[in-house]
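Accompanying notes for the structure given below.
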Amino acid sequence: MTDMKQEIRRRRTFAIISHPDAGKTTLTEKLLLYGGAIQLAGAVKGKASARHAVSDWMELEKQRGISITSSVMQFEYDGYCINILDTPGHQDFSEDTYRTLMAADSAVMVIDAAKGIEPQTRKLFKVCAMRHIPIFTFINKLDRDARSPYDLIEQLETEFGIGTYPMNWPIGSGADFKGVYDRGEGKILAFTEFHRGANRIQAIECDLTDTAQLDGLIGARLREELQNDVELLDGAGYEFDIEKVQNGELSPVFFGSALTNFGVEPFLKSFLALTMPPLPRRAEEGTVDPFEENFSAFVFKIQANMNKSHRDRIAFMRVCSGRFERDAEYYHVQGGKSLRLAQPQQMMAQSRQIIDEAYAGDIIGIFDPGIFSIGDTVCTRAHKVTYEGIPTFAPEIFAAVERIDTMKRKQFEKGMTEIAQEGAIQIFHAPNSGLEEVIVGVVGILQLEVLEYRLKTEYGVDVRRRMLPYQFVRWIENTDMDLTRLNLGTDSRWVQDFRGNNLLVFGGQWSIRWAEEKNPGLVLREFKQN
Ligand code: G4P
């Protein structure tokens, strides 16, 4: 039998985040190539990815298998077992990103060296920072003209308020790009003889004081620049502190070029050496050690209709402790039931495969007959743990959605409920009524467009949308209050979510204050822990 602790120790589970076009797909492909997980570059997914999020989503929809299976990828490298989680680049799906990051132990942020931090990088970084996970930065596209590396790291420090530690330092950029200087090894990694996709990379041990050798290698101007830069870097400011890295306060920065596959492997090696195996997780019962025997996992993502012909629904779980075994019986904490997890699957680039076992750090996809919700815990019955729920983002955009064809009530309600259970949207309705009129709350407008598209293609229902003037929701904590007697402003309304929780929606901040002032004892919460 495989040694469980050894298996867990070699796991690394991380998410890649970037602004669209910075090179996330290309970097992922190159990483998978090192692991031998894919044969062909370009196999990860449609390149245009999040550039036009909806149309791509719809395009990807046609090949759903690909878009979904590529959202979690596992490969082996140098004795490590690596799980990469893909995240949507578009800010309208940042809640999805947040959930994915809940399943990751660290994040890799890809930045375009010519552009620096871009709007989506900002949004995604904030989401990472909320989790305090280690963040590694890969500054990409050095084979093109780039901004000064000092500017780039300064931007990271000032905008994100984190420390940075350049692990290597670029020598020139664009047509002038000569490689990087590896600060730890004291070596130059020379970028030579580039042929599209197959450049030869040479690691050259080089004493920085050996002016003659350096001049031959990179030319006098770049040599002088490099010597000055290294002196500066080694001098002030940049202290490497592994503890800070692990707390997400210091980001190791790597310069490279994913397209030409330059600097990707050294990045991977350092990344693996600096990251930790799966970390302990907080549960209501206390902290759970990943190395303990008892299996536990939580659901971070649910995706319906992945396979059109089967109309299936997959719950993605992050294994947090122990070993998962295919035929064992486990306990679904929120459902209060024991169950066998049908068809446990693992994702490998483009294909899914049924697995017999998985370990802490791994992501497994389980066929979900409609019992799981995001944030649910599955564990060994005798050792019950309940992981902290995943907070729901407060929606900021609201619309009333109704079906056009009155005959399609069943399909409409099914579609709305299932898509809401996935966590792709939030739905509300008038208290104690059915889903005749549904109020949909989202964080980004694209989510509404995707909803309409999915209702049509997956459930055969055409809908009409009417935007509503609400901007805020608050969950009502009180359970003993007569809500029919609430005194509310004209732009406020009492609604319920699909779990039956009571909420208020508001048109403005002031009406939240009004509600609190006019209804003594009313307790409102901004987030709802699932
Ligand atoms: P994304 O997933 O973050 O959205 O980015 P993706 O990897 O799809 O890369 C966006 C574009 O940038 C692609 O070009 C890709 O080839 C290019 N690219 C990625 N890394 C590098 C790099 O290190 N150097 C250079 N010069 N380009 C890079 P495209 O023209 O949109 O696609 P394609 O026609 O090349 O496939």
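The values are calculated or read from the model by the stated rules, or taken from the named source; none is laboratory data. If you're wondering where the values come from, they're calculated on a predicted model, not measured in any experiment. Neighbour counts run over all protein chains shown; Cβ positions are idealised from the backbone, glycine included.
Residue-by-condition table, conditions (1) over 23 Å from THR97 (Cβ atoms); (2) more than 9 Å from the ligand (Cβ to nearest atom); (3) modelled with pLDDT of 50 or more:
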site: LYS5; (1), (2), (3): yes, yes, yes
site: ARG12; (1), (2), (3): no, yes, yes
site: LEU27; (1), (2), (3): no, no, yes
site: LEU31; (1), (2), (3): no, yes, yes
site: LEU40; (1), (2), (3): yes, yes, no
site: ARG64; (1), (2), (3): no, yes, no
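Please go through region 453-491 and pick out each residue that is within 29 Å of the chain's Cα centre (by Cα), surrounded by 18 or more Cβ atoms within 10 Å (Cβ to Cβ) and more than 27 Å from GLU516 (Cα to Cα).
Of everything in region 453-491, those that are within 29 Å of the chain's Cα centre (by Cα), surrounded by 18 or more Cβ atoms within 10 Å (Cβ to Cβ) and more than 27 Å from GLU516 (Cα to Cα) turn out to be ARG454, LEU455, GLU458, TYR459.
Identify, please: which residue in region 126-148 is outside any loop (DSSP other than H, G, I, E, B) and within 15 Å of the ligand (Cβ to nearest atom) and is, among those, nearest to GLY174 (Cα to Cα)?
As a first pass, look at region 126-148 and keep what is outside any loop (DSSP other than H, G, I, E, B): 126-131, 135-140.
Okay, now just the ones that are also within 15 Å of the ligand (Cβ to nearest atom), so 137-140.
On the way: THR137: 20, PHE138: 17, ILE139: 14, ASN140: 12 Å.
Among them, the one singled out is ASN140.
Scan region 149-182 for residues that are in a strand (DSSP E or B) and within 16 Å of the ligand (Cβ to nearest atom) and jot them down.
Within region 149-182, the subset in a strand (DSSP E or B) is 163-166, 168-171, 179-182.
Of everything in region 149-182, those that are in a strand (DSSP E or B) and within 16 Å of the ligand (Cβ to nearest atom) turn out to be ASN168, PRO170, ILE171, GLY179, VAL180.
Restricted to region 210-265, and to residues that are part of a helix (DSSP H, G or I) and within 16 Å of the ligand (Cβ to nearest atom), which residue is surrounded by the fewest Cβ atoms within 10 Å (Cβ to Cβ)?
Taking region 210-265 first, the residues part of a helix (DSSP H, G or I) are 211-218, 220-235, 242-246, 264-265.
Within this subset, residues satisfying the condition of being within 16 Å of the ligand (Cβ to nearest atom) are 264-265.
On the way: VAL264: 24, GLU265: 18.
Among those residues, the one meeting the criterion is GLU265.
Looking only at residues in region 66-98 that are among the small types (Gly, Ala, Ser) and out of contact with any Asp or Glu (no Cβ under 8 Å at 6 or more places or on another chain), which one is modelled with the lowest pLDDT? Steps first, answer last, please.
Applying the first criterion (among the small types (Gly, Ala, Ser)) to region 66-98 yields 67, 70-71, 79, 89, 94.
The next check asks that each one be out of contact with any Asp or Glu (no Cβ under 8 Å at 6 or more places or on another chain); those that pass are 79, 89, 94.
Numbers: GLY79: 94, GLY89: 61, SER94: 70.
Among residues in region 66-98 that are among the small types (Gly, Ala, Ser) and out of contact with any Asp or Glu (no Cβ under 8 Å at 6 or more places or on another chain), the one modelled with the lowest pLDDT is GLY89.
Can you tell me how many residues in region 106-133 are among the small types (Gly, Ala, Ser) and over 16 Å from the mean Cα position of the chain (by Cα)? Before you say what the answer is, go through the steps one by one.
The first filter runs over region 106-133 and keeps only residues among the small types (Gly, Ala, Ser), leaving 106-107, 113-114, 116, 129.
Imposing the further condition that a residue be over 16 Å from the mean Cα position of the chain (by Cα) reduces the set to 113-114, 116.
Adding up the residues that qualify gives 3.
I'd like to check which strands (runs of 3 or more DSSP E) are fully inside region 455-500 and have at least 1 residues that are of a type in the set (S, T, N, Q) and in contact with a Pro (Cβ under 9 Å, 6 or more places away or on another chain). Give the steps one after another, and end with the answer.
On the way: elements: 463-468, 472-476, 492-497.
Where strands (runs of 3 or more DSSP E) fall fully within region 455-500 and carry at least 1 residues being of a type in the set (S, T, N, Q) and in contact with a Pro (Cβ under 9 Å, 6 or more places away or on another chain), they are 492-497.
Search region 129-146 for residues that are farther than 14 Å from PHE191 by Cβ and pair each with any residue that is in a strand (DSSP E or B) and away from the ligand (no atom under 16 Å from the Cβ) when their beta-carbon atoms are under 6 Å apart and the residues are at least 6 apart or on different chains.
Matching pairs, first to second residue: ILE133/SER106; PRO134/SER106; ILE135/SER251; PHE136/PRO252; THR137/SER251.
When GLU293 is evaluated against the numbered criteria (1) at pLDDT below 95; (2) more than 16 Å from the ligand (Cβ to nearest atom); (3) assigned to a helix (DSSP H, G or I), which criterion, by number, is the only one it fails?
With (1) at pLDDT below 95; (2) more than 16 Å from the ligand (Cβ to nearest atom); (3) assigned to a helix (DSSP H, G or I) applied to GLU293, the lone miss is (3).
Testing VAL378 on (1) within 19 Å of the chain's Cα centre (by Cα); (2) under 20 Å from HIS332 (Cβ atoms); (3) not polar (S, T, N, Q), one condition comes back false. Which one is that?
Going through the list (1) within 19 Å of the chain's Cα centre (by Cα); (2) under 20 Å from HIS332 (Cβ atoms); (3) not polar (S, T, N, Q), VAL378 breaks only (1).
What number of residues in region 349-400 are assigned to a strand (DSSP E or B), among the hydrophobic types (A, V, I, L, M, F, W, C) and in contact with a helix residue (DSSP H, G or I) (Cβ under 8 Å, 6 or more places away or on another chain)?
2
Sort through THR484, THR386, THR417, THR457 and tell me the only one that's of a type outside the set (A, V, I, L, M, F, W, C) and touching a strand residue (DSSP E or B) at 6+ places or on another chain (Cβ under 6 Å).
Numbers: THR484 fails: touching a strand residue (DSSP E or B) at 6+ places or on another chain (Cβ under 6 Å); THR417 fails: touching a strand residue (DSSP E or B) at 6+ places or on another chain (Cβ under 6 Å); THR457 fails: touching a strand residue (DSSP E or B) at 6+ places or on another chain (Cβ under 6 Å).
Checking each option against the conditions leaves just THR386.
State which residue is surrounded by the fewest Cβ atoms within 10 Å (Cβ to Cβ) when the search covers only region 411-452 and only residues that are within 22 Å of the chain's Cα centre (by Cα) and within 17 Å of TRP494 (Cα to Cα). Reasoning before the result, please.
In the first step, residues of region 411-452 are kept if they are within 22 Å of the chain's Cα centre (by Cα); the result is 418-426, 441-451.
Those left that are additionally within 17 Å of TRP494 (Cα to Cα): 426, 441.
Details: GLN426: 23, GLY441: 27.
Restricting to residues being within 22 Å of the chain's Cα centre (by Cα) and within 17 Å of TRP494 (Cα to Cα), the top hit is GLN426.
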